[in-house]
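As structure tokens, the structure follows; a few thoughts come after it.
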Amino acid sequence: MKKFLIIFLFIGFQSFSQNNPVSEPHRSIPVEAGKVANDPDLEVIRKRVVADLLKPSIKIDEIGELLKAERADGTWPEINYQDVSRTGFEHSEHLRNMLELARAYKKSGSPFFDKADVKNAFSKALDFWITHDFICDNWWWNEMGTPHLMINILLVMDDDLTEKQKVEGIRIAGRANLEASGARPGGDLIQIAGMRGKQALFQRNAEILAEVIQVMASEIKVSTGRGMKPDLSFHHRTDNVISTLAYGTGYASSFAYWAVKIEGTKYKLPDSAMNLLIDYYLDGICQSLIYGKYPDPGAENRGISRKAALNSVGPELPEDLLKASLYRKKELEYIVAIRKGEVKPNLTKDYYFWHSHYYTHQRPDYYVSVRMHSSRANNMEQPHNEEGLKNHHYGDGSNFISRTGKEYYQIFPVWDWQKIPGTTILQKPDVAGFKEVAKKGLTDFSGGVTDGRYGIAAFDFASVHDPLKARKAWFFFDKEIVSLGAGINADSDLHVATTLNQCLLNGPVTVNAAGRTEELKKGARQLNGVNWIFHDSVAYIFPKPTPINISNTSASGNWRQINHQAWATDEEVKLDVFTVWMDHGKRPQNASYVYIVIPGTNSEQLERYSKKQAVKILSNTADLQAVLNQDLSQAQIVFYKSGQLKLTEKVTLKALHPCLVLVSMAGNKVAQIVVSDPTEKLKSIELEVTGNLGKNGNQWNSVYDKSKNITLISFDLPTEGLAGKSVVAHF
């Protein structure tokens, strides 16, 4: 039956090929051969690029199989040559096979070096592609994927190509050009420019190479549109959805690759461009990685439905940056050492990406993030190419807690996509169809404030999918993260749940409830009067005994449920999963929650902390949420509207506008205030504080009213691309 199916597909493919003559739906602009006889710098760059392509070792068994399996017409039987759909296009495997054969033939020391049978196998495969010139329904393959592989093939084989192969190959590669529809500012433009540069190297065209390098240098810039944002996050599209770990990393990788290749030549990138690129890499990309090594699930989009989404990141990109520049050298070296396992991470930094509604909290032994949306952005990336099919609620305040970077590794085919960590979601029978994933946010109030070490993320949440609203805030300290929810209202007979976590089950689950501590057997249950839960070195503490649902059992699903690419099958995946959530019931009115997360702790530390908590909840209402960390003498406050709060017996804070505020105390005196505008609409924020602060700064001034013993502080807020950034005042 299998043999018959292969014959049937091949016959069908032959019929398809005959009725699919080579066409030009994606315009090619082939790079012409250079007019200058010899450009020494171009030759240096070309040899570096080719050496890089030949560097990986040759997989001898794999090459042997390719030679053995190749058919007389240059095809391979396991590839479906008929399906050119967005979710198919296995033709890319044909291109990769050609590149591997080319490398095996040209790499000195390879057992296949200069072997006639290898060259013949390669030529048959290339001639077959040239004859049929496959066009995919997904533009990306036609203008980026195929040209990228084709130009690499041409560079490796070079003079061992026939004249026809050179001409037709550069024509196909020429679909990656600066006038192509996909050459939009930001990630794709840079990668296409890189492909164009390689075409210039193959054709020894110094003029085109210089033009390409100039385009690259001009694209290392901060933009309020597509590309690198003023907060050093990255947006690929105009939906204002973060794509730092996807397109944004491709953007940086392309620059770093070329920076190394052109270093020491007349084509070298300017220092100013390299410095900005390194700033973006360290403060944007690395801050979105757990320990600078593992992708934070909170910064992912549809890519989270791919198996390799959370693979650790290698040292190649920072190593390239080090080869090209000395700027921030020690920091780059530290990231390389972390990724090579040479040092234990010791990173401490909080940063809020105000353009992307994304808060990051990095500590030496854990990493936590929050992902939100607003009326300024979509809730999530569209499920392009039918990936990320259940991402409807992924940006609804997701709060991932990472200790090792492996807590969520490949969990997603078995995930309950309505119990995303940190979110408050109406529990429907299932999410809507994948065409309904992405929608514009509904509220203005969504933001963060930070002094670089501590901070708040806060969200006036209105579901874009369901009749549900809530006020949600997260307060970040050294040991703990405090999560508050208030004003939870839903107009539905379905239950509403706030999920604390849903991760891979790793070891026992211990619970303290009703004065009793026990290790739970596998299963699912609701417990009343829960004081704390402990799993995988993370504690969840409830200041007041709380009813909690806990599941520590196996879950099943498949990749096909969340991704329709050809590789994603409906083969069952079964994993043990830990899930903990609060059930707010049906049609909750002004419901609330409070919980504290302590990552990287143990049972003894948990016992001590639960008896003497460092944090005090000052307020948790729909108008005002606030926490005091008594060890740090810092209050963190979310004013959803103007209001006031008593910080100590002698100090009261009043906000005249909606805002986020951090107040650090030195005894009964205010030492520092940090503010931000989560609506990104205000030009100034005014606060009234007890006492005489008596200082002014570049972005703030204070006026003391002695009769009332109150200081009025006016903050001039950042505007345009910096609106939403924190302002710090020291007293």
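Is the stretch 274-284 home to any residue that is touching a strand residue (DSSP E or B) at 6+ places or on another chain (Cβ under 6 Å), surrounded by fewer than 18 Cβ atoms within 10 Å (Cβ to Cβ) and not hydrophobic (A, V, I, L, M, F, W, C)?
The answer is no; no qualifying residue exists.
Of all residues in the stretch 694-713, which are within 41 Å of the chain's Cα centre (by Cα) and surrounded by fewer than 16 Cβ atoms within 10 Å (Cβ to Cβ)?
Within the stretch 694-713, 695, 696, 697, 698, 699, 701 qualify.
Does residue 223 satisfy the criteria of being within 20 Å of the chain's Cα centre (by Cα) and surrounded by 24 or more Cβ atoms within 10 Å (Cβ to Cβ)?
no
Which pairs turn up if I take residues in the stretch 617-631 that are touching a residue at least 60 places away in the same chain (Cβ under 8 Å) and look for partners that are part of a strand (DSSP E or B) and of a type in the set (Lys, Arg) with beta carbon separation below 6 Å, at least 6 apart in sequence or on another chain?
Listed pairs, sorted by first residue: 622/471.
Considering each of 420, 456, 425 in turn, give the residue that is touching a helix residue (DSSP H, G or I) at 6+ places or on another chain (Cβ under 6 Å), at pLDDT 95 or above and either in a strand (DSSP E or B) or surrounded by fewer than 20 Cβ atoms within 10 Å (Cβ to Cβ) (or both).
Numbers: 420 fails: either in a strand (DSSP E or B) or surrounded by fewer than 20 Cβ atoms within 10 Å (Cβ to Cβ) (or both); 456 fails: touching a helix residue (DSSP H, G or I) at 6+ places or on another chain (Cβ under 6 Å).
Among 420, 456, 425, only 425 is touching a helix residue (DSSP H, G or I) at 6+ places or on another chain (Cβ under 6 Å), at pLDDT 95 or above and either in a strand (DSSP E or B) or surrounded by fewer than 20 Cβ atoms within 10 Å (Cβ to Cβ) (or both).
Here's the yes/no breakdown for (1) free of Cβ contacts under 8 Å to residues at least 24 places away in the same chain; (2) part of a loop (DSSP other than H, G, I, E, B); (3) assigned by TED's automatic domain parsing to the domain that holds residue 194:
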position	(1), (2), (3)
51	yes, no, yes
64	yes, no, yes
80	no, yes, yes
85	no, yes, yes
88	no, yes, yes
100	no, no, yes
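Could you count how many residues in the stretch 317-359 are free of Cβ contacts under 8 Å to residues at least 60 places away in the same chain, in a helix (DSSP H, G or I) and of a type in the set (Asp, Glu)?
Within the stretch 317-359, residues that are free of Cβ contacts under 8 Å to residues at least 60 places away in the same chain, in a helix (DSSP H, G or I) and of a type in the set (Asp, Glu) number 3.
Got a sec? Which of 721, 691, 667 is within 25 Å of residue 374 (Cβ to Cβ) and surrounded by fewer than 23 Cβ atoms within 10 Å (Cβ to Cβ)?
721
Do you know which of the residues in the stretch 186-215 that are touching a Ser or Thr at 6+ places or on another chain (Cβ under 8 Å) and within 23 Å of residue 286 (Cβ to Cβ) is modelled with the lowest pLDDT? So that I can check it myself, show each step before the final result.
Initially, the stretch 186-215 is screened for residues touching a Ser or Thr at 6+ places or on another chain (Cβ under 8 Å), giving 186-187, 190-191, 193-194.
Going one step further and asking which of them are within 23 Å of residue 286 (Cβ to Cβ), we end up with 186-187, 190-191, 194.
On the way: 186: 65, 187: 62, 190: 87, 191: 89, 194: 94.
Top of the filtered list is 187.
Would you mention how many residues in the stretch 222-265 are part of a helix (DSSP H, G or I) and of a type in the set (D, E, K, R)? It would help to see each step written out before you state the result.
The first filter runs over the stretch 222-265 and keeps only residues part of a helix (DSSP H, G or I), leaving 247-262.
Now restrict to residues that are of a type in the set (D, E, K, R): 261.
Counting residues in the stretch 222-265 that are part of a helix (DSSP H, G or I) and of a type in the set (D, E, K, R) gives 1.
The values are calculated or read from the model by the stated rules, or taken from the named source; none is laboratory data. None of these values were measured; they are calculated from a predicted model. All Cβ positions, even for glycine, are placed from backbone atoms using ideal geometry, and neighbour counts span all protein chains on display.
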